[in-house]
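Any read-out appearing in this document is the output of simple, stated calculations on the displayed coordinates, not a laboratory observation. Since we're looking at a predicted model, the values are computed, not measured. Cβ sites come from the backbone with ideal geometry, for glycine too, and all protein chains shown count toward neighbours.
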Amino acid sequence: MAIHLRKSYRFALRSALLISFITTLVLLGLSWYFEYVNIFFLGVFAALSFASSFIILQLRIEKFIYRRIKKIYDDVALLESTNLSSGPITTDMKTLTAEIEKFAQDKKIEIDTLNIREAYRKDFLGNISHELKTPLFTVQGYILTLLDGALEDKNVRRKYLLRANKGVERLIYIVKDLDMITKLEVGDLNLELVDFDIIELIENVFELLEMKAAKNKIALTFDMEYRYPILVHADRDKIQQVLTNLLVNSIKYGQENGTTEVSVENLIKNKVIVRVTDNGEGIAQRHIPRLFERFYRVDQSGSRSEGGSGLGLSIVKHIIEAHNEKIYVESAEGVGSEFSFTLEKAHPQNNPQVDSA
């Protein structure tokens with residue numbers, strides 16, 4: 001470790017002046033008492049007294065402080081700090097104080113970050129445990145019932161096997177969603193960017209979810225009649241998954257006889273924004289910052305009447321960010337929610353009607 005003593009002479013200077021003044025004053029008193037006063041001798045004595053006092057004090061104090069400060073640096077080095085221990089050792093109090101304060105602030109930030117990560121880790125493990133154990137216990141329950149004697153009844157056997165299969169399908173669904181998020185996070189999911197009509201894609205998703213929406217008495221609709229195609233440049237399959245996840249969430253938490261409305265609007269010259277708006281139960285503001293976390297639940301009770309992997313919104317966020325686009329959410333309890341995301345328009349020569357959006 002490099003050693004550099006940034007010297008501060010103020011304390012030693014003042015102490016040496018005080019010592020030399022007192023000793024000279026004492027010597028003057030003695031000379032006066034013995035009636036032998038030599039000004040030249042007193043001056044030399046004062047100068048020598050000051051110089052020797054200053055040198056001794058400076059060296060001793062510096063050594064004293066250095067030993068203790070070095071211990072601080074060594075203790076800090078045990079914490080593997082690069083902010084304090086990697087630099088030269090200083091005995092200057094002002095510099096040292098500034099370094100220690102900065103070190104303490106950095107450590108506080110590190111501790112706060114670790115606490116946040118630990119809370120997130122516990123929350124994540126609790127959520128994934130809940131998501132996995134429900135279908136696992138369901139499958140196990142049906143299999144144990146069959147093994148306990150229900151296997152001999154053909155009707156019961158078929159019914160229980162079908163229900164166990166649904167539990168396995170949900171497990172597969174969760175694992176697939178987790179695999180997709182992992183690939184998105186590490187950048188391992190290659191996007192196939194093409195030009196396609198976003199209006200046609202939305203209509204296709206409406207058709208896919210028509211029965212589910214009808215069962216929940218939710219109307220899927222556009223905000224207006226789109227007479228011309230609106231071409232965007234993105235991964236068609238991934239954007240279909242984004243729209244599907246958003247619409248499924250809207251159907252799940254929508255009000256009976258409610259409406260989910262989709263609109264496509266110009267945002268800036270080369271962007272459109274797709275909005276999915278409903279008049280459902282809405283989301284409390286305290287949940288919105290964490291809404292896109294994996295397995296995060298708005299319903300903290302842990303009960304869930306609707307199925308799903310609990311990863312839908314997290315997948316939506318990762319897909320949109322993989323396109324280098326933005327996703328937004330606005331919601332009010334009892335009023336409804338709006339999820340919106342941006343997409344790049346297709347090149348103008350391939351999209352002559354884009355301004356009609």
Any residue on another chain or 5+ positions along whose placed amide H is under 5 Å from the amide H of Phe222 is listed here as Val262
Considering every Cα-Cα pair within the range 163-214, what fraction, in whole percent, is farther apart than 19 Å?
61
Where the convex hull is taken over the Cα atoms of the range 193-356, what is its projected area averaged over directions, in nm²?
9.3
Sorted by Cβ neighbour density within 10 Å, fewest at the top, the residues Glu101, Glu344:
Glu101, Glu344
